[in-house]
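Novice: Please find one structure pasted underneath; my questions will follow.
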Amino acid sequence: MRLLGEYGSVASLMLQRELRIIASKWKIIAGSALVYASMLGLSAGYFMPQMGMPIAQSLPLFIGSFVISCLSIGYSFAIEAAYDLRSPKVAFYYYALPVSFSTMLASLVTVLMLRMLIVVLPVFLLGFTIIGQWHFFSISWFGTVAMFFLGVQFFALLLLTLAHFCSLESLLGNIWPRFFSPLIAFGCAMYPLHIAIEKAWWLSRIMLFNPLTYCCDGLRSALFGGSQYLSFSFCIAMLLVYNGLLWCALRYVVIRAINPVRA
């Protein structure tokens with residue numbers, strides 16, 4: 001109970017700080033979300049079908065925006081954190097506060113999740129409205145909320161881990177071509193897993209080790225239903241495992257990078 005009270009107090013203060021920053025930039029954030037959602041919605045819902053793609057695939061294709069949006073937002077946060085570790089080292093102040101190390105770490109993860117959701121949710125809603133194929137939806141509200149939460153949590157944990165593990169030079173020059181690009185290409189962001197199974201069965205087996213496969217196909221399953229996607233309950237279970245492993249990795253790399261004083 002004491003840890004929950006600490007987490008609630010610290011997370012509340014950090015969220016208030018984040019909301020003040022977002023409020024001062026809401027026009028920029030809203031404008032970027034509007035442009036991004038419009039481009040993705042028009043591409044998936046209108047231009048790609050004109051090139052021969054079945055209209056039923058427009059919404060599953062649009063789910064890839066979830067991955068790209070979260071990676072882009074989290075990547076900018078990771079760059080900020082990497083610069084901060086060099087100077088001015090605000091993170092050192094956070095971990096010196098009189099609360100437990102895990103509480104402060106969980107609060108930072110929560111703040112990054114909020115930052116992602118504020119941009120991703122409007123992009124999703126506006127994009128679905130532009131595409132307008134509502135008859136394809138068969139929504140499981142529990143599955144959708146759980147997949148959104150665990151998916152955003154996965155990206156927050158992953159990006160914070162990379163920010164504390166990689167050098168600034170690696171983050172700026174190597175992460176996208178050597179790590180993010182293969183992660184997206186073989187993570188079912190631009191196509192459902194069943195297409196990979198039909199066209200390249202052996203490659204689809206490898207994709208099952210990619211956590212993005214569960215983020216994308218699980219969200220498709222929760223929103224559209226059907227047997228052609230991985231069950232969202234299975235994807236939820238897999239993301240819980242991946243997020244648990246990332247939490248342990250994040251604790252390790254933060255301790256190595258910052259060496260905080262711990263009780």
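The values are calculated or read from the model by the stated rules, or taken from the named source; none is laboratory data. This structure is a prediction, so every number in the text was calculated from the model and none was measured. Reconstructed Cβ throughout: ideal geometry from the backbone, glycine too, with neighbour counts over all protein chains shown. Calculation scope for accessible area: heavy atoms of the full protein, side chains included, ligands and nucleic acids excluded. Shrake-Rupley method; radii C 1.70, N 1.55, O 1.52, S 1.80 Å.
Novice: Which chymotrypsin sites (Phe, Trp or Tyr not before Pro) in the stretch 154-209 sit in a loop by DSSP (not H, G, I, E or B) and have at most 10 other Cβ atoms within 10 Å of their own Cβ?
Specialist: Of the chymotrypsin sites (Phe, Trp or Tyr not before Pro), the ones in loops of the stretch 154-209 whose Cβ has at most 10 other Cβ atoms within 10 Å are 209.
Novice: Additional query: From a point 7 Å beyond the Cα of residue 28 in the direction of its Cβ, which residues of the stretch 103-127 have a backbone N at a distance under 18 Å?
Specialist: Within reach of a label on residue 28: 112, 115-120.
Novice: In whole Å, what three semi-axes, largest first, describe the equivalent ellipsoid of the stretch 1-137 built from its Cα gyration tensor (square root of 5 times each eigenvalue)?
Specialist: Ellipsoid semi-axes (Å, largest first): 37, 16, 13.
Novice: Can you show me the helix-derived [θ] at 222 nm for the chain, built from DSSP H runs with n ≥ 4 at -39,500 (n - 2.57) apiece and divided by the number of residues, rounded to the nearest 500.
Specialist: The per-residue figure over the chain is -24500 deg cm²/dmol.
Novice: Leaving out ligands and nucleic acids, note down the accessible area per residue over the stretch 118-183 with a 1.4 angstrom probe, in whole Å².
Specialist: Accessible surface, normalised per residue, equals 46 Å².
Novice: Return an integer: the convex hull volume of the alpha-carbon atoms of the stretch 183-241, in Å³ per residue.
Specialist: Once divided by residue count, the hull of the stretch 183-241 is 70 Å³.
Novice: Also: Given the alpha-carbon gyration tensor of the stretch 135-197, what are the semi-axes of its equivalent ellipsoid in whole angstrom, ordered largest first, with each equal to the square root of 5 times an eigenvalue?
Specialist: Taking √(5λ) for each eigenvalue gives 29, 17, 7 Å, largest first.
Novice: Further question: If the elastic network links every pair of Cα atoms under 10 Å, which of 97, 193, 157 fluctuates the most in the Gaussian network model of the chain?
Specialist: Greatest mean-square fluctuation among the candidates belongs to 97.
Novice: With the chain treated as a Gaussian network of Cα nodes joined by springs under 10 Å, which of 56, 163, 37 yields the largest mean-square fluctuation?
Specialist: 56
Novice: What translational diffusion coefficient, to the nearest whole µm²/s, does the chain have by Stokes-Einstein, given a Kirkwood radius computed over alpha-carbon pairs, a temperature of 10 °C and 1.306 mPa s viscosity?
Specialist: It comes out at roughly 82 µm²/s.
Novice: Here is a further query. If you split all Cα-Cα distances of the stretch 61-135 into 5 Å bins from zero, what percentages do you get per bin, shortest first?
Specialist: In order of increasing distance, the bins hold 3, 13, 19, 18, 15, 11, 8, 6, 4, 2, 1 percent.
Novice: Another question, then. I'd like the carbon and sulfur percentage of the solvent accessible area for the chain, probe radius 1.4 Å, heavy atoms only, ligands and nucleic acids excluded.
Specialist: With neighbouring chains kept in place, the figure for the chain is 70 percent.
Novice: How far apart, in nm, are two points set 7 Å out from the Cα along the Cα-to-Cβ line at residue 121 and at residue 135?
Specialist: With each label point 7 Å from Cα toward Cβ, the separation is 3.0 nm.
Novice: Just to confirm, what accessible area per residue do you get for the stretch 38-100 at 1.4 Å probe, in whole Å²?
Specialist: 48 Å²
Novice: Would you mind telling me which residue in 248, 235, 188 has the biggest mean-square fluctuation in a Gaussian network model of the chain, where springs connect alpha carbons within a distance under 10 angstrom?
Specialist: Greatest mean-square fluctuation among the candidates belongs to 248.
Novice: Related question: Determine the gain in length on full extension of the stretch residue 203-residue 15; use 0.36 nm per residue of separation and subtract their C-alpha separation, reporting nm with one decimal.
Specialist: Contour length minus Cα-Cα distance gives 63.5 nm.
Novice: Pop out the Kirkwood hydrodynamic radius of the stretch 96-154 from its pairwise C-alpha distances, inverse of mean 1/r, in Å to one decimal.
Specialist: About 13.8 Å, per the Kirkwood formula over Cα pairs.
Novice: Could you calculate the contour length gain from residue 168 to residue 241, that is, 0.36 nm times the residue separation minus the distance between their Cα atoms, to one decimal place in nm?
Specialist: Separation in residues times 0.36 nm, less the Cα-Cα distance, equals 23.4 nm.
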